[in-house]
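Single-structure report; data block below.
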Amino acid sequence: MNTGSNKPGEAAVAPDPSGTEGAPDQRALGSRAPEFIKARRALHVSWQVGVFVVGLAVVVAGIIMLPLPGPGWVVIFGGMAIWATEFVWAQLVLRWTKRKVTEAAQRALDPKVRRRNIILTSVGVVIIGVLAGIYLWKFGLQMPWKIKDQ
């Protein structure tokens with residue numbers, strides 16, 4: 001594991017807290033720009049600015065999609081993935097997000113949690129069905145805004 005000083009253009013490696021060297025999820029942190037770009041400071045800074053602007057445009061598009069129709073969160077994470085090709089902070093955020101999503105998926109697959117979710121969904125469907133039946137019995141197929149005082 002490389003935690004000392006790096007040569008120019010060499011990516012830093014985050015310390016692995018589990019102690020397992022070379023785990024598939026543990027890639028080197030840092031720029032993934034081609035070597036000829038990393039070798040020239042001005043070109044590398046230009047590359048980083050371009051990656052930042054493109055990632056920012058994608059993230060802003062995702063934020064706009066949150067209240068509007070569209071896959072807002074997917075687009076936001078796509079913008080973060082674009083940033084992660086160049087910036088360590090974005091790589092760390094994506095690693096944290098992947099870890100949390102994996103933990104949530106494991107919890108959701110737990111039989112007790114699944115059973116509880118199925119029971120709560122069934123109870124909710126029954127309550128909605130009863131309320132809809134009461135409404136139909138009392139008012140018929142009338143829209144709520146067309147109901148007159150009775």
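The stretch between Arg32 and Val126, if pulled fully straight at 0.36 nm per residue, gains 28.5 nm over its current Cα-Cα span.
Classify the range 46-136 as rounded, prolate or oblate from the Cα gyration tensor: take a ≥ b ≥ c as the square roots of its eigenvalues, call it rounded if a/c is under 1.5, otherwise prolate when a/b beats b/c and oblate if not. Taking the square roots of the gyration eigenvalues as a ≥ b ≥ c, the range 46-136 is oblate. Placing R0 at 35 angstrom, the Cβ-Cβ distance between Met65 and Arg99 gives a FRET efficiency of 0.90 after rounding to 0.05.
Label point of Trp89 set 7 angstrom out along Cα-Cβ; within the range 37-71, amide nitrogens under 16 Å from it belong to 48-57, 59-60.
Rule-based calculations on the coordinates, nothing more; no lab input. Just so we're clear, the structure is a prediction, and the values are computed from it rather than from any experiment. Note: ideal-geometry Cβ built from the backbone for every residue, glycine included; neighbour counts use all protein chains shown.
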